[in-house]
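> Here's a structure for you.
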Amino acid sequence: MTIITVNTPTGRLSQEQRRKLAETLTDAVLVPEVGQFAPPARVGFQVHFVERQPDMMAIGGRLLVDIGPEADAMVIDVAVMDGDWRQEVRTAVIERVLAAMADACDMAKPSPTWWVNFRVIDEGSWGSSGGVLSVLSLLDSGVFTEEKVKAIRAALGA
């Protein structure tokens, strides 16, 4: 289970850009998480787009409304279930998320005012369907590579 929340100034992303990002941000996390491109795993991902008025965001101590239209602040929050999140896997996710954002925004590279927060939700701290979920119960779903299954079990001591 993964939730990606994209926080932007109002109107920063068009509906078409959000449509593209719904898919590319999902895959930006999915591939490093399960170890392969696995479309059936997409059902466990949600992407939320949150817009804020320019007087509700600031860069460098100044409200975006005071900076002007060139201000381009974004925060992308990625929340994932505990698993195999070694530093190189986290790095891959963050780089893939920023690349997907730049591509959707028709930019050669991500803006330095875009930030990605990567958060791992501790095992036993994620709930749905009336109970607590565990990544361990998903390992036999067929979407994880064998290498990822072993890495997750090792990371969780299972």
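> Given the Cα-Cα distance of LEU63 and THR5 and 0.36 nm per residue of separation, how much length would full extension add, in nm?
In short, 18.8 nm is gained.
> Could you calculate the FRET efficiency of GLU70 with PHE37 from 1/(1 + (r/R0)^6), where r is the beta carbon distance between them and R0 is 41 Å, rounded to 0.05?
0.65
> Could you tell me what fraction of 2.2 N^0.38 Å the Cα radius of gyration of the range 49-98 comes to, as a two-decimal ratio? Before the final figure, lay out the partial values.
Values: Rg = 15.1 Å, N = 50, 2.2 N^0.38 = 9.7 Å.
My calculation over the Cα atoms of the range 49-98 gives 1.55.
> Using a 7 Å offset from the Cα along the Cα-to-Cβ direction at both GLN53 and ASP106, what is the distance between the two label points in nm, to one decimal?
Output for this residue pair reads 2.9 nm.
> Using Cα pairs closer than 8 Å and at least 6 residues apart in sequence, work out the relative contact order for the chain, in percent.
Computed value for the chain: 30 percent relative contact order.
> A follow-up question, please. What accessible area per residue, rounded to a whole number of Å², is obtained for the chain using a probe radius of 1.4 Å?
Heavy-atom accessible area per residue stands at 54 Å².
> Quick one: if you stick a label point 7 Å off each Cα along the C-beta vector at ARG19 and GLU88, how many nm between them?
That separation, rounded to one decimal, is 3.8 nm.
> Moving to a separate point now. Antiparallel as a % of all DSSP beta bridges within the chain, to the nearest 5?
Values: 11 of 27 bridges.
The antiparallel proportion sits near 40 percent.
> Pairing the Cα long axis of helix 146-156 with the longest principal axis of the chain, what angle in degrees results, from 0 to 90 and rounded to the nearest 10?
Once rounded, the angle reads 80 degrees.
> Run the paramagnetic zone check for SER141: 7 angstrom along Cα to Cβ, then residues of the range 105-127 with backbone nitrogen under 19 Å.
Within reach of a label on SER141, which here means backbone N under 19 Å from a point 7 Å along Cα→Cβ, the range 105-127 contributes 119-127.
> Mind checking which lysines have their C-alpha under 21 Å from LYS109, skipping anything on the same chain fewer than 8 residues away?
LYS20
> So which residue, out of VAL97, VAL43, VAL116, gets the largest mean-square fluctuation from a GNM of the chain using Cα contacts under 10 Å as springs?
Judging by the Gaussian network model, the answer is VAL43.
The values are calculated or read from the model by the stated rules, or taken from the named source; none is laboratory data. Just so it is clear, the model here is predicted, and its values are computed rather than measured. Every residue, glycine as well, gets a Cβ built from its backbone with ideal geometry; the counts of neighbours run over all protein chains shown. Ligands, DNA and RNA are excluded from the accessible area calculation, which covers all protein heavy atoms including side chains. Shrake-Rupley method; radii C 1.70, N 1.55, O 1.52, S 1.80 Å.
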